[in-house]
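The values are calculated or read from the model by the stated rules, or taken from the named source; none is laboratory data. Computed from a prediction, not measured in an experiment: that's the story for all the values here. Every residue, glycine among them, receives a Cβ derived from its backbone with ideal geometry; neighbour counts consider all protein chains shown. To get the accessible areas, we keep the full protein, side chains included, count just its heavy atoms, and leave off ligands, DNA and RNA. Shrake-Rupley method; radii C 1.70, N 1.55, O 1.52, S 1.80 Å.
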Amino acid sequence: MSAEANIPPKIKVADLQKRFGPKVVLDGLDLDVGVGESVVVIGGSGTGKSVLLKCILGLLEPEEGTIEIDGQPVIGLPTADREEINRKFGMLFQGAALFDSLKVWENVAFGLIQGGRSDRTEARDIAYSKLADVGLGTDVGGLWPAELSGGMKKRVALARAIATTPEIIFFDEPTTGLDPIMADVINDLIVKCTRELGATALSITHDMASARKIADRIAMLYKGKIIWQGPTSQIDSSGNEFVDQFIHGRAEGPIRMEVRAP
Amino acid sequence: MNIFQPIGKAFLGFLAATGRLSLFAIVSVSHCVRPPIYPRLIGRQMIEIGYYSLPVVGLTTLFSGMVLALQSYTGFARFSAESAVPNVVVLSMTRELGPVLAGLMVAGRIGAAMAAEIGTMRVTEQVDALTTLSTNPHKYLVAPRLIAGLTMLPLLVLVGDIIGVFGGYLISVYKLGFNPAIYIKNTWQYLEFLDVFSGVVKAACFGFIVALMGCYNGYHSRGGAQGVGAATTNAVVSASIMILISNYLITEMFFAK
């Protein structure tokens, strides 16, 4: 057996089940993400992509299944242990989720200061350095989040996600709401930042241009299960009719949108 | 349909809500006494609750003291007991009106603001962002507000008591013709430590309730702007009702024979 085969996946999700009342959102989902790998989960709206991320982050408690980070089961951990695991994570939220009451640089430095990794002065210097990494000047650091455009908020959120040098970064719909050019800029930044950090990345999106750019491997989520996964280069020849319909954005096909008649 | 079914459902819902609130309170209080503590956040909340609420509490207690003097004078004049006006004003202000009015005013001003702020953070995923940054939302958002509410409302009430008594003094001396020295002497003569202390205990309890209900409703808000609006309304209404109920219970505890 090779040495590589003995390395546990960075993230291992097995038989994950999550329901809200009678609605089953995740129905026995299995997914592994290797060390340093960038995996993108695609799927239509409401298929449970965000729920999957929130389960891994510990924001939601699944009914059944296991989630392991570096081989350590994380479901049901005590708060202190969970916070320790979360130190490995960086997260870029769909709406950026910047703290309104803090200036931009304080947002970026938040994890460093609260986590006790740096004092305020040092954290401020790191924050400005991370802002520079995502292409934002020093003048932006002193602004309030409400003064930023959508693209700038996403960049600041990315700077915040990478500020603590995380081992794993999650991206929740990183390009939603952005124009195509800004979306491409964000995609480039995601690729650059994750490569520089050597971080493992798990992204969810329904933007195929984004998925093709940032993924080493793509997995498709449908009805609570991963129905196909493979290298990004094989997405166009997957041989899976669900994947084909999704990546070409066709209304006709096996995926039926649940739309009620008026 | 069984007529007891909706009653039972409502009762079970009430019990579940009480349980959720109790658990929230226990977890939050435990974070108030465990490090790390955030002095900067506590200080900011203290200024917000104590300093910025002072004008509204001062105005409320001033006019309440004035009305109290006027009303008790017209009432006591029927029994030639006008001299009891200073006692009635000071006892009413310190025991009841000061804490209750300050509590209700702060519930409207601060409880609503807390629910709206934390509720907006919840629906815009800022609360989730705190968790992903290894920061416990209870410790970062709720504990500083509970500590500030618990400590600042007693101070507000003490200031409000003084302003309220001064309002009564103004009306009694300048409108009703009381002798200033005798009014002050009568005010002090019958005032006991317990009168002020019971008001301060009430204020601490009300401050805790206002902060708890503001944070609880904000923390559990759902569904965007409408959810935040509902959380704000619930925070003020539930805090006001709990203030009035706990006011009776604390009064019973201190003064029931």
Is it the case that A:Q234 is open to solvent by 80 Å² or more (accessible area, probe 1.4 Å) and modelled with pLDDT of 85 or more?
yes
Expected single match for open to solvent by less than 10 Å² (accessible area, probe 1.4 Å) and away from every other protein chain (no Cβ under 12 Å) among A:L143, A:L178, A:L131, A:L148 is A:L131
Go through the stretch B:65-80 and count every residue that is open to solvent by less than 30 Å² (accessible area, probe 1.4 Å) and either closer than 18 Å to B:P99 by Cβ or outside any helix (DSSP H, G or I) (or both).
1
Of everything in the stretch B:143-156, what is more than 14 Å from chain A (Cβ to nearest Cβ) and touching a residue at least 60 places away in the same chain (Cβ under 8 Å)? Give them in sequence order.
B:L146, B:I147, B:A148, B:G149, B:L150, B:T151, B:M152, B:L153, B:L155, B:L156
Among the residues that make up the stretch A:88-101, is at least one of them modelled with pLDDT of 85 or more and more than 25 Å from A:G177 (Cα to Cα)?
yes
Is one or more of the residues making up the stretch A:181-189 charged (D, E, K, R) and touching a Ser or Thr at 6+ places or on another chain (Cβ under 6 Å)?
no
Sole exception among (1) in contact with a Ser or Thr (Cβ under 9 Å, 6 or more places away or on another chain); (2) of a type in the set (F, W, Y); (3) touching a residue at least 24 places away in the same chain (Cβ under 8 Å) for A:F246, by number
(1)
Starting from the stretch A:215-238, take each residue that is at positive phi and list its partners that are hydroxyl-bearing (S, T, Y) and surrounded by 20 or more Cβ atoms within 10 Å (Cβ to Cβ), counting only C-beta distances under 9 angstrom and pairs at least six apart or across chains.
A:K223/A:T47; A:G224/A:T47
Could you run through the stretch A:167-196 and say how many residues are of a type in the set (A, V, I, L, M, F, W, C) and assigned to a strand (DSSP E or B)?
4
Does A:A251 meet the test of being surrounded by fewer than 22 Cβ atoms within 10 Å (Cβ to Cβ), at negative phi and small (G, A, S)?
yes
Of all residues being in contact with a Gly (Cβ under 6 Å, 6 or more places away or on another chain) and part of a helix (DSSP H, G or I) in the stretch B:125-153, which is nearest to A:F171 (Cα to Cα)? Just the residue, please.
B:G149
Just the residues that are under 22 Å from A:T194 (Cα atoms) and not β-branched (V, I, T), please, taken from the stretch A:59-82.
A:E68, A:D70, A:G71
Subset of the stretch A:176-212 [touching a residue at least 12 places away in the same chain (Cβ under 8 Å), over 20 Å from A:L57 (Cβ atoms) and β-branched (V, I, T)]:
A:V185, A:I186, A:V191
Looking only at the stretch B:9-33, count how many residues are surrounded by 11 or more Cβ atoms within 10 Å (Cβ to Cβ) and more than 16 Å from B:Y216 (Cβ to Cβ).
1
Does A:T66 qualify as being of a type in the set (V, I, T) and under 25 Å from A:V243 (Cβ atoms)?
no
Considering B:R122, B:R40, B:R109, which residue is within 14 Å of another protein chain (Cβ to nearest Cβ), in a helix (DSSP H, G or I) and in contact (Cβ under 8 Å) with a residue 24 or more places away in the chain?
B:R122
Based on what the data block shows, is A:A161 touching a strand residue (DSSP E or B) at 6+ places or on another chain (Cβ under 9 Å) and in a helix (DSSP H, G or I)?
yes
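Residue-wise test of (1) over 30 Å from B:L194 (Cα atoms); (2) at pLDDT 95 or above; (3) crowded, with 21+ Cβ neighbours inside 10 Å; (4) within 14 Å of another protein chain (Cβ to nearest Cβ).
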| residue | (1), (2), (3), (4) |
| --- | --- |
| B:E96 | no, no, no, no |
| B:L130 | yes, no, yes, yes |
| B:L133 | yes, no, yes, yes |
| B:P137 | yes, no, yes, yes |
| B:V165 | no, no, yes, no |
How many residues, within the stretch A:1-25, are open to solvent by 60 Å² or more (accessible area, probe 1.4 Å), more than 14 Å from chain B (Cβ to nearest Cβ) and either in contact with a helix residue (DSSP H, G or I) (Cβ under 7 Å, 6 or more places away or on another chain) or in a strand (DSSP E or B) (or both)?
5
Considering only strands (runs of 3 or more DSSP E) fully contained in the stretch A:26-133, which possess at least 2 residues that are touching a residue at least 60 places away in the same chain (Cβ under 8 Å) and over 30 Å from B:S30 (Cα atoms)?
A:38-42
Quick check on my filter: what residues within the stretch B:139-153 are surrounded by fewer than 22 Cβ atoms within 10 Å (Cβ to Cβ) and out of contact with any Leu (no Cβ under 7 Å at 6 or more places or on another chain)?
B:T151
How many residues of the stretch B:173-231 are open to solvent by 60 Å² or more (accessible area, probe 1.4 Å), part of a helix (DSSP H, G or I) and farther than 21 Å from B:I110 by Cα? The answer is 10
Somewhere in the stretch A:97-104, is a residue more than 12 Å from every other protein chain (Cβ to nearest Cβ) and of a type outside the set (D, E, K, R)?
yes
On the given criteria, is A:V185 at pLDDT below 90 and aliphatic (A, V, I, L, M)?
yes
Look through the stretch A:59-80, keep the residues that are in contact with a strand residue (DSSP E or B) (Cβ under 9 Å, 6 or more places away or on another chain) and within 14 Å of chain B (Cβ to nearest Cβ), and return whichever of them is surrounded by the most Cβ atoms within 10 Å (Cβ to Cβ).
A:I69
